[in-house]
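The values are calculated or read from the model by the stated rules, or taken from the named source; none is laboratory data. Here the structure is a predicted model, which is why all the values come from computation and not from measurement. Note that each Cβ is placed from the backbone with ideal geometry, even for glycine, and that neighbours are counted across all protein chains shown. In case anyone asks, the SASA skips ligands and DNA or RNA and just uses the protein heavy atoms, side chains included. Shrake-Rupley method; radii C 1.70, N 1.55, O 1.52, S 1.80 Å.
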Amino acid sequence: APSALPADANSPLPRALEKKGIRQLAEDWGKATARAHAAGFDVVELHGAHGFLIHEFLNPTANQRTDEYGGSLENRMRFAIEVTESARANWPKEKPLFMRLSVDDGAGWDPESSVALARVLKTKGVDVIDCSGGGVLPGAVPDAPLGYGYQVPYADKLRREADIMTMAVGL
């Protein structure tokens with residue numbers, strides 16, 4: 001995890017990653033992407049949502065680091081960017097690379113932060129942002145208008161404001 005903070009009172013205490021381990025994980029994502037290409041996959045989606053590791057680094061509640069991987073928005077985005085760079089370096093340019101984001105997680109990572117990240121990810125070779133939500137708190141994002149297509153507005157916002165292709169998931 002980015003920080004040694006349990007998700008809740010019933011969760012185990014994770015180990016905070018050291019910088020060397022963070023860099024190794026980004027490289028490992030690249031190696032996994034190379035294996036996906038060798039296996040004949042046509043698309044790779046990096047999972048940066050739903051409370052998984054990339055998302056934990058993005059979220060200011062889960063990420064309490066004080067080094068270059070924590071604190072400011074730019075620092076919290078660093079791991080996602082490094083993973084993307086490593087994946088794209090191992091994935092053919094003619095094949096699409098997706099990144100799934102919890103555009104709004106209801107716990108500190110919000111649509112404006114997602115737009116900022118999507119703008120950078122586009123320059124690093126991400127072709128599509130797969131827009132979802134939630135993942136840090138149990139259940140849906142507070143005040144989310146749950147219903148068919150409720151995450152489509154997130155996809156629309158990122159498409160317009162980050163000038164990147166998007167898709168939406170959920171319900």
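Across the stretch 154-171, what is the total count of residues that are at pLDDT 95 or above and either assigned to a strand (DSSP E or B) or surrounded by fewer than 16 Cβ atoms within 10 Å (Cβ to Cβ) (or both)?
Residues flagged as at pLDDT 95 or above and either assigned to a strand (DSSP E or B) or surrounded by fewer than 16 Cβ atoms within 10 Å (Cβ to Cβ) (or both) within the stretch 154-171 amount to 8.
Which pairs do you get when a residue that is within 10 Å of SER86 (Cα to Cα), found in the stretch 25-36, comes within reach of a residue that is open to solvent by 40 Å² or more (accessible area, probe 1.4 Å) and modelled with pLDDT under 95, reach meaning Cβ atoms under 8 angstrom, with the pair 6+ apart or on two chains?
Once the first residue is within 10 Å of SER86 (Cα to Cα) and sits in the stretch 25-36, no partner that is open to solvent by 40 Å² or more (accessible area, probe 1.4 Å) and modelled with pLDDT under 95 comes close enough.
Looking at the stretch 129-149 only, could you name the residues that are in contact (Cβ under 8 Å) with a residue 60 or more places away in the chain and aliphatic (A, V, I, L, M)?
Hit for the stretch 129-149 is VAL136, nothing else.
Please count how many residues of the stretch 1-52 are among the hydroxyl-bearing types (Ser, Thr, Tyr), under 18 Å from the mean Cα position of the chain (by Cα) and under 23 Å from GLY106 (Cβ atoms).
The total comes to 1.
Looking at the stretch 127-151, which of its residues are of a type in the set (D, E, K, R) and open to solvent by 60 Å² or more (accessible area, probe 1.4 Å)?
Just the residues of the stretch 127-151 that are of a type in the set (D, E, K, R), to begin with: 127, 130, 143.
Of everything in the stretch 127-151, just one residue is of a type in the set (D, E, K, R) and open to solvent by 60 Å² or more (accessible area, probe 1.4 Å), namely ASP143.
THR66 is checked against (1) of a type in the set (Val, Ile, Thr); (2) touching a residue at least 12 places away in the same chain (Cβ under 8 Å); (3) more than 15 Å from GLY125 (Cα to Cα) and fails just one. What number does that condition carry?
(2) is the only condition that THR66 fails.
Just name the residue that is nearest to ARG78 (Cα to Cα) out of those in the stretch 127-153 that are of a type in the set (Val, Ile, Thr) and not in a loop (DSSP other than H, G, I, E, B).
ILE129
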